[in-house]
Structure formats: structure tokens, C-alpha cells
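Report on the structure given below.
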């Protein structure tokens, strides 16, 4: 009941913020923006959508390789389906926190126990975070060398905070993966609290069950991290996936007939900055924060109706399109 209410509240927040973003984006140059969007070159726009599709494919491969280590019958199609469905849950929850619990539930349906599926989801999250921070560092050094941005001093502080937050997340996730003692302490405290609240009835039985699950989780995490080649390859897959995602604005710009405003390298660097900022905006899809960051950074290269149209189409492809596809993937399963 509470979960359902939270989901509805998140959707309401998402709709309200989206409408505000649309209002402020369209209020000054409505006709020009709509005209630019409606007259886009369909082929360049198609490439932008294909890049988004490749991003999902590449993000699916680490899940597939991790799961294959545990369950040899796991198929790539299952990993890809999970990636698509995750888009919906990530889109409607703050900090994209809804995706991981669903991934654990889905993998359990695929024959991977909860402890092992938790290990898979955690390691998959770690390799993604490492790729995100690495690409962010590449962007940071690129800006220092080539002086790409000159007018975003305020956002530079947010970027520093974003790096700190994302790096701390990686450290914490590694700690959770390796420190059985920390996990047992946290679980023990949680069960004691739930026992006092009379939610847990048999304290000793529950502690024993969780102790077994923690042991399974750490064993599966060790198996996944033991294969260093696979671990590094999965970081690379995520790195390439993010590069594809960060090239979407470039081909949206080409679709608008502008081939000179910025290059592929600038598109990647700029989006890396935006994503680092967006990773700690506490609303579903980081809505509002990502749009603001996009306008501030890409505003160094394009302005006016072109900038607004570019931002709106980019946001649809990289966020709302994934949410729609994820919802369709979920409902197809229900129909079957």
C-alpha cells in the first residue's frame, strides 16, 4: 500500500516537474522550437534513437556475463529484457533506486536465488559507477586541457560534489561486497529493531536465515570478482555504452541541420559533466536538474530555440523513450 502510494507520488512529481520544464523551455520561442522539431532530418534522428538502443544492448551484456557465471541457462535476451524493464523503474523513482530491487526480483524468476541475484545487481552497479566516474574524469581533464567551458563556474562546484558522491558510492559498494562483518552487523541491528517493533516474531530464526543469505551473497560476489578479465570487460562495455548515450545530442543537432556547433568529443565531454551532476538530483529521472545542466553546458555552443529544441528531443530519447519502452516490456509479459 505504502509502496503504491510512493510510486503514485513519484509519478505526480515527475509530471509536475516535466510540465514546468516544458513551460519554461517553450514560453519564449514556442513556434520556432516546434518548427525545428517538426522539420528534423529523420535519418539523423533515427541514428540518435539507434545510439540509445545500442546503449541498452551494451548495458545488458554485463548483466548477462555475471548471471551466466551463476546460471549457465541464462540467456542474453533475458538480460536485455531486464535492461528495458529497469528503464521504467529507474525513471519513476528518485536516484533511480527502483531498478535494483526489480532486477533482484526478475533474476529470482529466472532461477537465480535472492542472495546470488543481489550479488549480480551489486557488481553490475559497481562496474557502471566505475565507468561513469572514469568517463567523468576524462571529461574533467579534457576541459582542463582544451578549455571547453568558460561560463559554468557555479556548476563546477556541483561537478566536484558529483565526483565525491559517485566515488563514495563505489567505495561503499565494494565494502558491502567484501565485508561480511559489516553486513552482519547492519542486518543484526535491523532485525533487533524489527523485533522490538513486533514485525519480526522469531528473532533467532530470522538471524540464522539472514546469516545464510549473507554467506551466499558474499560467495557469489567473490565468484564474480574473481574473474578480473570479465570484470574489466564489463567496465569497458559500460564505458562504451555511455559514449553512445553521450553522442545522442550530436545527432539530434545534425537532424536540425547544424553540423558546426560542436564535435563528437565535445558532445561526450559535455554529457559526462551533465550526468555527474544529475546522479544526485533527488527527484525521479533527475528531472529539472539534468535539463538545467544541459542548457547551461550546451548553451556554450548553441542558443535560443535551437538549444531548447535540442534539449527537449535529447531528453525524450534518453529518458521518456526508455520509460515508455520499459512500460511496454512490462505489460507484454502481463498479457502473456
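The values are calculated or read from the model by the stated rules, or taken from the named source; none is laboratory data. The model shown is predicted, which means the values in this text are computed figures rather than measured ones. So basically every Cβ, Gly included, is an ideal-geometry build from the backbone, and we count neighbours across all protein chains shown.
In this structure, residue 86 qualifies as under 30 Å from residue 316 (Cβ atoms), surrounded by 21 or more Cβ atoms within 10 Å (Cβ to Cβ) and touching a helix residue (DSSP H, G or I) at 6+ places or on another chain (Cβ under 9 Å). The conditions of being more than 21 Å from residue 105 (Cβ to Cβ), without any contact (Cβ under 8 Å) to a residue 12 or more places away in the chain and either touching a helix residue (DSSP H, G or I) at 6+ places or on another chain (Cβ under 9 Å) or assigned to a helix (DSSP H, G or I) (or both) are not met by residue 57. So how many residues does the range 89-105 have that are at pLDDT 90 or above, surrounded by fewer than 21 Cβ atoms within 10 Å (Cβ to Cβ) and in contact with a helix residue (DSSP H, G or I) (Cβ under 6 Å, 6 or more places away or on another chain)? Residues meeting the conditions: 1. Considering the conditions (1) surrounded by fewer than 20 Cβ atoms within 10 Å (Cβ to Cβ); (2) in contact with a helix residue (DSSP H, G or I) (Cβ under 6 Å, 6 or more places away or on another chain); (3) modelled with pLDDT of 90 or more, residue 32 is excluded by exactly one of them, (3). In the range 205-226, the count of residues that are modelled with pLDDT of 75 or more and outside any loop (DSSP other than H, G, I, E, B) is zero.
Matching residues to (1) within 20 Å of residue 248 (Cα to Cα); (2) at pLDDT below 85:
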site	(1), (2)
49	yes, no
52	yes, no
66	no, no
69	no, no
78	no, no
108	no, no
115	no, yes
121	no, no
155	no, yes
